[in-house]
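The values are calculated or read from the model by the stated rules, or taken from the named source; none is laboratory data. Keep in mind that what you see is a predicted model, and the values were worked out from it rather than measured. Cβ atoms come from the backbone with ideal geometry, glycine included; neighbour counts cover every protein chain shown.
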């Protein structure tokens, strides 16, 4: 089992290692500006001559957050390189992390998630199985029965039948469970006794994030004489002098290209949002128009999963305050 209340130094070192891994394996689309800045500061310290410009000051660590323990997402991300060793699979892992509920369950069907994100369901299921190896056991399961099964050393046929019929327990008690599972009262009593010490809410011990610092805006959306204007609120850029060693150039070039692509994609996304949701920005939520990530991806010539990651990671400074980009999207009423 994990130990909560980790020392602040350990939490910081995990985040630095995670930053390196995300830059190499996932790319920048899934990170907010502040997360990218933290990761690129480290890259600039490691690559001779690499300069980072436009980065906000590092956020001072907060002792009360560290004392409360990591959030569920932080806990999973810190172990991601071990759980999901293939860098190409980690965007799928991020999608599943976003799908977790307060108990640590993935309650939305994998087919639905795969369809919404433009992913293959079989690939998503394979990565889910890798994530289910995490401690505490029971995270990334799809229902209570699967959660408890992962915590057992052995699941015999009798226990498998009991776990499959568990919803009947809450509806009608042990007698209803016995009928639904086709088991005797004695078998049900023995099975429930074996489950008594297991944890039905494996995510309950993680911090809720209620003390997290305010979200930092990545885009700035402001009214102008020719309509709404879009700019990067945090305009990060990397540069390397021509005389830098060849080894430094080979290491820096992918980062520079990735950052430029991320900035361009984020600006293009902002342009679509202010065009389609000018009424929302001016008048409020009542003027929100139907808009989907799929439609934006088609217009910009990007994959829907890329737009989904940009939307999930970034926020915009507007006259109405800092808004998560997800608040600009709405489906048409049926």
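Report the residue count in segment 116-151 for those that are assigned to a loop (DSSP other than H, G, I, E, B) and either in the same structural domain as residue 298 (by TED's automatic domain parsing) or surrounded by 15 or more Cβ atoms within 10 Å (Cβ to Cβ) (or both).
The total comes to 11.
Which of (1) touching a residue at least 12 places away in the same chain (Cβ under 8 Å); (2) over 23 Å from the mean Cα position of the chain (by Cα); (3) surrounded by 16 or more Cβ atoms within 10 Å (Cβ to Cβ); (4) in a helix (DSSP H, G or I) is the odd one out, the single condition residue 249 does not satisfy?
For residue 249, the failing item is (1).
Is one or more of the residues making up segment 255-262 part of a loop (DSSP other than H, G, I, E, B) and at pLDDT below 90?
To start, the set of residues in segment 255-262 that are part of a loop (DSSP other than H, G, I, E, B) comprises none.
No, segment 255-262 has no match at all.
Mind telling me which of the residues 173, 191 ends up being on the phi > 0 side of the Ramachandran plot and more than 29 Å from the chain's Cα centre (by Cα)?
It is 173.
Residues of segment 156-198 being assigned to a loop (DSSP other than H, G, I, E, B) and surrounded by 17 or more Cβ atoms within 10 Å (Cβ to Cβ), which ones?
165, 166, 183
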